[in-house]
1. For segment 7-42, enumerate the residues that are open to solvent by 90 Å² or more (accessible area, probe 1.4 Å) and under 15 Å from residue 55 (Cβ atoms).
2. Please enumerate the residues belonging to segment 100-119 that are open to solvent by 30 Å² or more (accessible area, probe 1.4 Å) and under 22 Å from residue 25 (Cβ atoms).
3. Could you please tell me which pairs satisfy a Cβ distance under 7 Å, a separation of 6+ or placement on different chains, a first residue in segment 120-146 that is within 22 Å of residue 54 (Cα to Cα) and open to solvent by 70 Å² or more (accessible area, probe 1.4 Å), and a second residue that is of a type outside the set (Ser, Thr, Tyr) and assigned to a helix (DSSP H, G or I)?
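The values are calculated or read from the model by the stated rules, or taken from the named source; none is laboratory data. Quantities reported herein were computed from a predicted structural model and do not represent experimental measurements. Here Cβ is always computed from backbone atoms with ideal geometry, including for glycine, and neighbour counts include all displayed protein chains. For accessibility, only protein heavy atoms count, side chains too; no ligands or nucleic acids. Shrake-Rupley method; radii C 1.70, N 1.55, O 1.52, S 1.80 Å.
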Amino acid sequence: MRAFARFLARNPSTADDLVQETILRALAKSEQYQEDTNLKAWAFSILRNMFLEQTRRRKKEQEVLECYASDASLQTASQPSGPDRQALHDLDEMLWKISPLLREALVLIGAQGMSYEEAALVCNASVGTMKTRVSRARSELMKLSS
């Protein structure tokens, strides 16, 4: 399994993390394994699917970061002044004070304009979970702003 992970990830450290996560997921989902099937194939399927999920997530994160960077360069050209500038600065600081999962959900839904369904696919979560994360993120931001 480790060799296959190294082949996919092309990085020994990432591959080891992938194998560890695969084992954890397989143990967590052990009730889904059917005894009359091939255990090795089942585990390798989990590994492959996790690698693909992580690749998609990294790609989406990179797109968000690039978009954020391009927005930041555009903002330097047309920086808001006075209270608007301070409000943006405060919002940026508050975003980094909430948990990463809540921040991710809020940025994907609010800033990137994704639907809950799209964001759920990116985060490998259910739509309901995404709605809850966004709601909690908004609540935490409201608490921080008071």
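1. Quick first cut of segment 7-42, residues open to solvent by 90 Å² or more (accessible area, probe 1.4 Å) only: 7, 10, 20, 24, 27, 31-32, 34-36, 38-40.
The answer is 7, 10.
2. Within segment 100-119, 100, 101, 104 qualify.
3. That search, which allows pairs on different chains as well, returns 124/53.
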